[in-house]
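The values are calculated or read from the model by the stated rules, or taken from the named source; none is laboratory data. Since the structure is predicted, the reported quantities are computational estimates derived from the model, not experimental observations. Here the Cβ positions follow ideal geometry from the backbone for every residue, glycine too, while neighbour counts run over all protein chains shown.
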Amino acid sequence: MRWLAVIALTAGCQSPIDQVDSAYSKPGDRRAMHCSIDIDSVTQNDLGSIDGGLDRAKDRGEVLELFAHDPGETVGWDVIEHLFAGVQSRGLSWVTYADFAAGTVPAGGGLAFAFDDDHVENWMDGRTMFAKYGARLTFFMTRYARLQPEQKAGVAQLSADGHDVEPHSVNHLREPEYVEDYGIDGLMNDEVLPSMTVLQDQGYTMSAYAYPFGARTDEIDQAILAHVAILRSVAMTWGAPVEAPCPL
(Lines give C-alpha, C1' and ligand atoms only; values in the text may rest on other atoms or scores of the structure.)
Protein backbone atom coordinates (compact mmCIF):
# COMPACT_ATOMS: atom_id res chain seq x y z
CA MET A 1 0.00 0.00 0.00
CA ARG A 2 2.14 2.83 -1.25
CA TRP A 3 0.07 5.61 0.30
CA LEU A 4 0.38 3.97 3.73
CA ALA A 5 4.16 4.29 3.51
CA VAL A 6 3.87 8.03 4.12
CA ILE A 7 2.60 7.45 7.66
CA ALA A 8 6.08 6.88 9.00
CA LEU A 9 7.17 10.19 7.48
CA THR A 10 4.16 12.24 8.55
CA ALA A 11 3.35 10.95 12.04
CA GLY A 12 3.62 14.49 13.37
CA CYS A 13 0.84 15.57 10.99
CA GLN A 14 -1.77 13.13 12.32
CA SER A 15 -5.23 14.67 12.53
CA PRO A 16 -8.07 13.44 14.74
CA ILE A 17 -10.88 11.71 12.91
CA ASP A 18 -13.41 14.38 13.87
CA GLN A 19 -11.49 16.95 11.83
CA VAL A 20 -11.63 15.01 8.55
CA ASP A 21 -14.74 16.49 6.97
CA SER A 22 -14.63 14.28 3.86
CA ALA A 23 -15.33 11.18 5.97
CA TYR A 24 -18.78 12.44 7.04
CA SER A 25 -22.13 12.48 5.25
CA LYS A 26 -25.47 13.98 6.20
CA PRO A 27 -28.95 12.50 5.66
CA GLY A 28 -30.24 13.60 2.28
CA ASP A 29 -26.73 14.01 0.89
CA ARG A 30 -26.95 12.08 -2.38
CA ARG A 31 -23.33 12.54 -3.44
CA ALA A 32 -21.83 9.71 -5.42
CA MET A 33 -18.28 9.95 -4.04
CA HIS A 34 -17.72 8.82 -0.47
CA CYS A 35 -14.45 8.77 1.45
CA SER A 36 -13.69 6.52 4.41
CA ILE A 37 -10.96 6.45 7.05
CA ASP A 38 -8.88 3.31 7.59
CA ILE A 39 -8.62 2.26 11.26
CA ASP A 40 -6.13 -0.58 10.76
CA SER A 41 -3.34 -0.39 13.33
CA VAL A 42 -0.80 0.96 10.85
CA THR A 43 -2.81 4.17 10.42
CA GLN A 44 -2.35 5.10 14.10
CA ASN A 45 -5.97 6.19 14.55
CA ASP A 46 -6.26 5.49 18.28
CA LEU A 47 -9.37 4.88 20.39
CA GLY A 48 -9.56 8.51 21.47
CA SER A 49 -9.66 9.62 17.86
CA ILE A 50 -12.31 7.02 17.05
CA ASP A 51 -14.42 8.18 20.00
CA GLY A 52 -14.09 11.78 18.88
CA GLY A 53 -15.25 10.78 15.42
CA LEU A 54 -18.32 9.07 16.83
CA ASP A 55 -19.06 12.05 19.07
CA ARG A 56 -19.08 14.37 16.05
CA ALA A 57 -21.45 12.00 14.22
CA LYS A 58 -23.86 12.09 17.16
CA ASP A 59 -23.57 15.82 17.82
CA ARG A 60 -24.04 16.86 14.19
CA GLY A 61 -26.35 14.09 12.99
CA GLU A 62 -23.77 12.90 10.45
CA VAL A 63 -22.67 9.48 9.23
CA LEU A 64 -19.00 8.68 9.83
CA GLU A 65 -17.34 6.32 7.36
CA LEU A 66 -14.60 3.96 8.60
CA PHE A 67 -13.08 0.74 7.30
CA ALA A 68 -10.53 -1.94 8.10
CA HIS A 69 -9.34 -5.15 6.51
CA ASP A 70 -8.47 -8.27 8.50
CA PRO A 71 -9.78 -8.27 12.09
CA GLY A 72 -7.39 -10.00 14.44
CA GLU A 73 -4.52 -9.25 12.06
CA THR A 74 -4.54 -5.70 10.66
CA VAL A 75 -6.79 -4.39 13.44
CA GLY A 76 -7.46 -5.81 16.89
CA TRP A 77 -10.83 -7.28 17.72
CA ASP A 78 -10.71 -5.11 20.85
CA VAL A 79 -10.65 -2.01 18.63
CA ILE A 80 -13.59 -3.29 16.61
CA GLU A 81 -15.62 -4.02 19.75
CA HIS A 82 -14.76 -0.62 21.21
CA LEU A 83 -16.02 1.00 18.02
CA PHE A 84 -19.21 -1.04 17.92
CA ALA A 85 -19.92 -0.43 21.61
CA GLY A 86 -19.43 3.27 20.93
CA VAL A 87 -22.05 3.18 18.20
CA GLN A 88 -24.48 1.47 20.53
CA SER A 89 -23.87 3.71 23.57
CA ARG A 90 -24.37 6.87 21.47
CA GLY A 91 -27.55 5.59 19.84
CA LEU A 92 -26.06 5.87 16.37
CA SER A 93 -27.53 4.05 13.40
CA TRP A 94 -25.76 1.51 11.23
CA VAL A 95 -25.54 2.52 7.57
CA THR A 96 -24.48 0.39 4.61
CA TYR A 97 -23.39 1.60 1.20
CA ALA A 98 -26.58 0.15 -0.22
CA ASP A 99 -28.37 2.53 2.17
CA PHE A 100 -26.38 5.45 0.77
CA ALA A 101 -27.34 4.39 -2.76
CA ALA A 102 -31.01 4.07 -1.84
CA GLY A 103 -31.09 7.39 0.01
CA THR A 104 -32.34 5.69 3.17
CA VAL A 105 -29.82 7.15 5.64
CA PRO A 106 -31.59 7.88 8.95
CA ALA A 107 -31.32 11.15 10.85
CA GLY A 108 -29.53 11.33 14.18
CA GLY A 109 -26.06 10.22 13.15
CA GLY A 110 -24.57 6.87 12.23
CA LEU A 111 -21.60 4.78 11.23
CA ALA A 112 -20.91 3.23 7.84
CA PHE A 113 -18.30 0.57 8.56
CA ALA A 114 -16.75 -1.73 5.99
CA PHE A 115 -14.31 -4.60 5.85
CA ASP A 116 -12.32 -4.77 2.62
CA ASP A 117 -10.72 -7.52 0.52
CA ASP A 118 -11.17 -11.28 1.05
CA HIS A 119 -10.56 -12.14 4.72
CA VAL A 120 -13.71 -14.21 4.97
CA GLU A 121 -12.65 -16.61 7.73
CA ASN A 122 -11.79 -13.81 10.14
CA TRP A 123 -14.91 -11.86 9.24
CA MET A 124 -16.96 -14.94 10.05
CA ASP A 125 -15.30 -15.08 13.48
CA GLY A 126 -16.99 -11.76 14.22
CA ARG A 127 -20.57 -12.82 13.53
CA THR A 128 -21.45 -13.15 17.23
CA MET A 129 -20.04 -9.70 17.93
CA PHE A 130 -21.79 -8.20 14.91
CA ALA A 131 -25.11 -9.59 16.14
CA LYS A 132 -24.46 -8.44 19.73
CA TYR A 133 -24.28 -4.82 18.59
CA GLY A 134 -26.87 -5.06 15.83
CA ALA A 135 -24.17 -4.11 13.34
CA ARG A 136 -24.98 -3.80 9.64
CA LEU A 137 -21.71 -3.75 7.74
CA THR A 138 -20.51 -3.56 4.17
CA PHE A 139 -18.05 -6.14 2.86
CA PHE A 140 -16.14 -4.87 -0.17
CA MET A 141 -14.99 -8.03 -1.96
CA THR A 142 -11.89 -8.46 -4.09
CA ARG A 143 -10.59 -11.70 -5.64
CA TYR A 144 -14.03 -13.24 -5.11
CA ALA A 145 -13.65 -15.67 -8.03
CA ARG A 146 -10.60 -17.21 -6.30
CA LEU A 147 -12.41 -17.96 -3.04
CA GLN A 148 -12.91 -21.56 -2.01
CA PRO A 149 -16.51 -22.86 -1.85
CA GLU A 150 -16.55 -22.62 1.95
CA GLN A 151 -15.39 -19.00 1.75
CA LYS A 152 -18.11 -18.15 -0.75
CA ALA A 153 -20.58 -19.83 1.59
CA GLY A 154 -19.26 -17.56 4.34
CA VAL A 155 -19.91 -14.47 2.23
CA ALA A 156 -23.42 -15.75 1.57
CA GLN A 157 -23.96 -16.22 5.32
CA LEU A 158 -22.81 -12.67 6.03
CA SER A 159 -25.26 -11.42 3.42
CA ALA A 160 -28.04 -13.51 4.96
CA ASP A 161 -27.19 -11.94 8.31
CA GLY A 162 -28.16 -8.58 6.83
CA HIS A 163 -24.81 -7.22 5.72
CA ASP A 164 -24.07 -5.57 2.37
CA VAL A 165 -21.74 -7.27 -0.15
CA GLU A 166 -20.19 -5.01 -2.78
CA PRO A 167 -17.34 -5.17 -5.36
CA HIS A 168 -13.75 -4.04 -4.79
CA SER A 169 -12.09 -5.08 -8.10
CA VAL A 170 -10.73 -8.39 -9.37
CA ASN A 171 -7.05 -8.17 -8.42
CA HIS A 172 -6.78 -5.13 -6.11
CA LEU A 173 -4.51 -3.09 -8.36
CA ARG A 174 -3.88 0.65 -8.48
CA GLU A 175 -6.46 1.58 -11.07
CA PRO A 176 -5.04 4.90 -12.38
CA GLU A 177 -1.81 3.07 -13.21
CA TYR A 178 -3.77 0.29 -14.90
CA VAL A 179 -5.50 2.89 -17.08
CA GLU A 180 -2.13 4.33 -18.07
CA ASP A 181 -1.07 0.88 -19.32
CA TYR A 182 -4.32 -0.54 -20.71
CA GLY A 183 -6.78 2.33 -21.07
CA ILE A 184 -10.11 2.92 -19.39
CA ASP A 185 -11.76 0.11 -21.38
CA GLY A 186 -9.05 -2.29 -20.24
CA LEU A 187 -9.67 -1.37 -16.61
CA MET A 188 -13.42 -1.72 -16.90
CA ASN A 189 -13.28 -5.02 -18.78
CA ASP A 190 -10.48 -6.60 -16.72
CA GLU A 191 -10.95 -5.30 -13.18
CA VAL A 192 -14.19 -3.46 -12.53
CA LEU A 193 -17.03 -5.12 -14.43
CA PRO A 194 -15.94 -8.73 -13.75
CA SER A 195 -15.83 -7.97 -10.02
CA MET A 196 -19.46 -6.87 -10.26
CA THR A 197 -20.63 -9.68 -12.53
CA VAL A 198 -19.20 -12.46 -10.38
CA LEU A 199 -21.17 -11.15 -7.40
CA GLN A 200 -24.33 -10.49 -9.39
CA ASP A 201 -24.21 -14.08 -10.63
CA GLN A 202 -24.42 -15.14 -6.97
CA GLY A 203 -27.49 -12.98 -6.41
CA TYR A 204 -25.88 -9.92 -4.82
CA THR A 205 -27.16 -6.49 -5.84
CA MET A 206 -24.51 -3.95 -6.80
CA SER A 207 -24.89 -0.50 -5.24
CA ALA A 208 -21.32 0.69 -4.65
CA TYR A 209 -17.71 0.16 -5.69
CA ALA A 210 -14.65 0.66 -3.47
CA TYR A 211 -11.39 1.72 -5.08
CA PRO A 212 -8.33 -0.37 -4.18
CA PHE A 213 -6.03 1.89 -2.12
CA GLY A 214 -8.61 4.63 -2.71
CA ALA A 215 -6.76 5.40 -5.95
CA ARG A 216 -9.02 7.08 -8.51
CA THR A 217 -9.37 9.73 -11.19
CA ASP A 218 -12.35 11.68 -12.49
CA GLU A 219 -12.25 9.62 -15.69
CA ILE A 220 -12.49 6.36 -13.79
CA ASP A 221 -15.24 7.77 -11.55
CA GLN A 222 -17.44 8.55 -14.54
CA ALA A 223 -16.91 5.13 -16.13
CA ILE A 224 -17.83 3.22 -12.97
CA LEU A 225 -20.78 5.45 -12.08
CA ALA A 226 -22.48 4.16 -15.22
CA HIS A 227 -22.86 0.87 -13.31
CA VAL A 228 -23.26 1.73 -9.60
CA ALA A 229 -24.58 4.71 -7.67
CA ILE A 230 -21.81 5.06 -5.07
CA LEU A 231 -18.01 5.14 -5.17
CA ARG A 232 -15.83 4.82 -2.10
CA SER A 233 -12.34 6.25 -1.85
CA VAL A 234 -10.13 6.99 1.16
CA ALA A 235 -9.90 9.98 3.50
CA MET A 236 -6.57 10.59 5.24
CA THR A 237 -5.85 11.48 8.86
CA TRP A 238 -2.19 12.24 8.23
CA GLY A 239 -0.27 14.61 5.95
CA ALA A 240 -1.60 14.21 2.42
CA PRO A 241 0.46 11.88 0.22
CA VAL A 242 1.59 12.80 -3.28
CA GLU A 243 -1.63 11.33 -4.65
CA ALA A 244 -4.41 12.26 -2.24
CA PRO A 245 -7.23 9.94 -3.33
CA CYS A 246 -10.23 11.74 -1.87
CA PRO A 247 -11.48 14.63 -4.02
CA LEU A 248 -12.11 17.90 -2.25
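Whether any residue in the stretch 216-226 is crowded, with 19+ Cβ neighbours inside 10 Å, touching a residue at least 40 places away in the same chain (Cβ under 8 Å) and under 16 Å from residue 98 (Cα atoms) is what I want to check. Checked the stretch 216-226: no residue is crowded, with 19+ Cβ neighbours inside 10 Å, touching a residue at least 40 places away in the same chain (Cβ under 8 Å) and under 16 Å from residue 98 (Cα atoms). Only residues that are in a helix (DSSP H, G or I) and aromatic (Phe, Trp, Tyr) were counted across the stretch 103-131, and they come to 2.
Yes/no matrix, rows are residues, columns are (1) surrounded by fewer than 23 Cβ atoms within 10 Å (Cβ to Cβ); (2) at pLDDT 95 or above; (3) within 22 Å of residue 231 (Cβ to Cβ):
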| position | (1), (2), (3) |
| --- | --- |
| 25 | yes, no, yes |
| 31 | yes, no, yes |
| 77 | yes, yes, no |
| 86 | yes, yes, no |
| 89 | yes, yes, no |
| 100 | no, yes, yes |
| 116 | no, yes, yes |
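Name the residue, out of 233, 195, 159, that is at pLDDT 95 or above, assigned to a helix (DSSP H, G or I) and under 29 Å from residue 88 (Cα atoms). Going through 233, 195, 159 in turn, just one is at pLDDT 95 or above, assigned to a helix (DSSP H, G or I) and under 29 Å from residue 88 (Cα atoms): 159.
Just one of (1) hydroxyl-bearing (Ser, Thr, Tyr); (2) under 15 Å from the mean Cα position of the chain (by Cα); (3) at pLDDT 95 or above fails for residue 144. It is (2).
Here the condition is being touching a Phe, Trp or Tyr at 6+ places or on another chain (Cβ under 9 Å), modelled with pLDDT under 95, closer than 28 Å to residue 30 by Cβ and surrounded by 19 or more Cβ atoms within 10 Å (Cβ to Cβ); of 167, 245, it holds for 245 alone. Which one of the conditions (1) at pLDDT below 95; (2) assigned to a helix (DSSP H, G or I); (3) under 19 Å from the mean Cα position of the chain (by Cα) does residue 8 fail to meet, given that it meets all the rest? Among (1) at pLDDT below 95; (2) assigned to a helix (DSSP H, G or I); (3) under 19 Å from the mean Cα position of the chain (by Cα), the lone unmet condition for residue 8 is (3).
Residue 173 meets all of the listed conditions (1) surrounded by 20 or more Cβ atoms within 10 Å (Cβ to Cβ); (2) of a type outside the set (Gly, Ala, Ser); (3) outside any strand (DSSP E or B) but one, namely (1). If you go through the stretch 100-144 and keep only what is charged (D, E, K, R) and without any contact (Cβ under 8 Å) to a residue 60 or more places away in the chain, you end up with 117, 118, 121, 125, 127, 132, 136, 143. Restricting the stretch 47-70 to residues that are closer than 22 Å to residue 230 by Cβ and of a type in the set (Asp, Glu) leaves a set whose member that is surrounded by the fewest Cβ atoms within 10 Å (Cβ to Cβ) is 62. When the criteria are applied in full, residue 93 fails the requirement of being closer than 19 Å to residue 236 by Cβ and polar (S, T, N, Q). The one condition from (1) within 19 Å of residue 97 (Cβ to Cβ); (2) in a helix (DSSP H, G or I); (3) modelled with pLDDT under 95; (4) not aromatic (Phe, Trp, Tyr) that residue 53 does not meet is (3).
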